1. Would you mind checking which residues have amide H under 5 Å from ARG3's amide H? H placed 1.01 Å from N; only 5 or more apart, or other chain.
2. In the range 1-97, which GluC sites (Glu not before Pro) fall in coil by DSSP and have 15 or fewer other Cβ atoms within 10 Å?
3. Among DSSP beta bridges whose residues both lie in the range 4-186, state the antiparallel percentage, nearest 5.
4. Starting from the Cα-Cα distance between ARG175 and THR153, subtract it from 0.36 nm times their residue separation and give me the gain in nm to one decimal.
5. Could you list the square roots of 5 times each eigenvalue of the Cα gyration tensor of the range 1-140, that is, the equivalent ellipsoid semi-axes, sorted largest first and rounded to whole Å?
6. In whole Hz and in residue order, list the ³J(HN,Hα) couplings for the range 41-47 that follow from phi through the Karplus curve 6.51 cos²θ - 1.76 cosθ + 1.60, θ = phi - 60°; x for Gly and Pro.
7. Quick one: among GLY133, GLY144, GLY154, which has the greatest mean-square fluctuation in a GNM of the chain with alpha-carbon springs under 10 angstrom?
8. Using only DSSP helix segments of four residues or longer, with each worth -39500 (n - 2.57), what per-residue ellipticity at 222 nm results for the chain after dividing by its residue count and rounding to 500?
Amino acid sequence: MKRIGAVLLASGQGRRFGSNKLLRLVEGVPLYRRAMTTLAGAGLDRLAVCSPYQEVLHAGEELGFLPLHNPDGAEGISASIRLGLSRMEGMDGVLFSVCDQPFLTTNSIIRLKDTFKESENAICALSWMGQRGNPVIFPADLFGELAVLTGDTGGGAVVKRHRERLLLVEADSPRELFDVDTPADLNL
């Protein structure tokens, strides 16, 4: 049985947003907490959250996440990927998720997880109408490539090198892949 961990990437600087968007409320709940609750209910084998923000780390610990303080968040997404991956030993796959998709559902995470478990080491990504989105599950044989990413380069670079292994898993709705980049995006 494949074991799947999850890393919640919560280190963003909110440059385009203009402030720490992780704390912004959507339907009365901060973005980071919505993401944690969605992942926590999906039956994953290990959960970790990478963030420089104490509020996020404390909430993660309360919800069963391993809190990983990320002092290098300003480097870009690769710092969180490397940090989270360093605590995923023994996992057959790792799901990477972001905090700024407020309408992502646990049901889609479970479908993504189940598809990965049934695959022959595919890279499984949530999608809508053939367009790849987040989250993405990477198999263990690609952890080495993820671990050497630098700067603001994310897992998409690894996906591009292994397109033939990409397996898209359709979300329940396009709204799930919607991400918040600016305050105007929250005027839903």
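Rule-based calculations on the coordinates, nothing more; no lab input. All of these numbers come straight from a predicted model, not from anything done at the bench. Heads up, the Cβs are rebuilt from the backbone with ideal geometry, glycines too, and the neighbour counts pull from every protein chain shown.
1. Sorted by chain and number, the residues that satisfy this are ASP92, GLY93.
2. Passing sites in the range 1-97 are GLU27, GLU89.
3. Values: 10 of 30 bridges.
Around 35 percent antiparallel, to the nearest 5.
4. 5.4 nm
5. Those come to 23, 17, 14 Å.
6. Per-residue couplings from phi come out as x, 8, x, 7, 7, 8, 10 Hz.
7. It is GLY144.
8. -7500 deg cm²/dmol
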